[in-house]
Structure formats: C-alpha cells, structure tokens
Amino acid sequence: MTNEKFIEQVSTLAKFLKTHCNDKHLDEAKKEIGIDLFYKGENLNFMVSTTLCKECEELFRYTHQRLLECSHEIKPSCRKCPHPCYERDRWKQMAKIMRYSGIKLGLIKIKNLLKF
C-alpha cells in the first residue's frame with residue numbers, strides 16, 4: 001500500500017474509534033494519544049492523534065500494528081482479505097465499531113449538507 005493510503009487508513013481508524021469511544025464509553029477516563037507514523041521503515045512525518053479510553057487505545061494500537069504488517073501491495077478490505085491477520089474476536093469487535101461509526105459519521109455528514 002502507498003504511504004498516502006497508510007496515512008488515510010490509520011487516520012480513519014482513529015476517527016472511527018474516537019466516535020465509538022465518545023458514544024459508548026462515556027464514563028471511562030480518556031487520554032490524548034499520538035502516534036508518529038512510520039511505514040516500511042520510512043518516517044512519514046505525520047502524526048495521528050486522538051482521545052480514547054484505555055480499551056479503545058489498546059484496540060487502536062492493535063489495528064495500527066496490523067496495518068503495519070499487512071503484506072498486500074494493494075490492500076483489500078479486511079473483510080475480503082484472503083489472509084486475515086486479525087484475531088477473530090478483534091475482527092468482530094472492529095467490524096461492529098466500523099459499522100456503528102460509519103453510519104454515525106455518514107449521518108452527520110448528510111445532516112451538515114442539509115443545513116443552510
């Protein structure tokens with residue numbers, strides 16, 4: 001995958017996890033985290049930062065590591081990948097988060113478009 005695609009993927013994960021965490025983990029303590037992005041040994045001079053609870057931070061770091069280790073030059077969606085790298089439970093957890101956050105962020109986008 002290209003460096004730009006890698007940055008996009010990690011940024012999307014951060015946004016989706018933050019949306020989920022803010023809505024579902026209201027009572028959990030959250031902290032600001034930042035990850036300087038490196039890909040294939042190259043510093044991308046890009047930092048992804050977000051605010052997450054401990055559980056979501058661990059999941060974010062796990063998914064970031066999976067992206068780093070993805071062996072596909074053209075990355076398929078994880079759902080269609082012939083060589084899944086996620087542990088089954090983590091994959092199911094991320095699928096729920098992606099579905100929830102994707103719908104929520106999509107609805108917010110539509111709502112903002114309809115405002116005059």
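General observations
- Whether segment 3-107 is rounded, prolate or oblate, judged on the alpha carbon gyration tensor where a/c under 1.5 counts as rounded: oblate
- Summing charges over neighbours of L68, with a neighbour being any other residue whose Cβ is under 14 Å away from its Cβ, gives +2 when K and R count +1 and D and E count -1.
- Summed side-chain charge close to E42 - residues other than E42 whose Cβ falls under 15 Å, Lys, Arg +1, Asp, Glu -1: 0
- Going from the fewest other Cβ atoms within 10 Å to the most, the residues H25, H64 appear in the order H25, H64.
- Residues L26, L17 arranged by fewest to most Cβ contacts within 10 Å: L26, L17
- Averaging the sequence gap over all C-alpha pairs within less than 8 Å and six or more residues apart, then dividing by the number of residues, gives segment 5-84 a relative contact order of 31 percent.
- Shape of segment 10-70, Cα gyration tensor, a/c cut at 1.5: prolate
- Segment W91..L68, full-extension length gain: 6.7 nm, with 0.36 nm per residue of separation and the alpha-carbon distance subtracted.
- 0 to 90° range, to nearest 10: angle between helix 54-69 axis and the chain longest Cα axis: 30
- Sequence of D89, D23 once ranked by neighbouring C-beta atoms within 10 Å, starting from the fewest: D89, D23
- Dividing the summed helix terms, -39500 (n - 2.57) for each DSSP H run of n ≥ 4, by the number of residues in the chain produces a 222 nm estimate of -19500 deg cm²/dmol to the nearest 500.
- Selection from N43, G106, M1 lying farthest towards where the dipole of the chain points positive, charges on Cβ: G106
Values in this text are rule-based calculations from the coordinates and carry no lab data. It should be emphasised that the depicted structure is a prediction, and the values quoted were computed from it without experimental measurement. For neighbour counting, all protein chains shown are included, and Cβ atoms are generated from backbone atoms with ideal geometry for every residue, glycine included.
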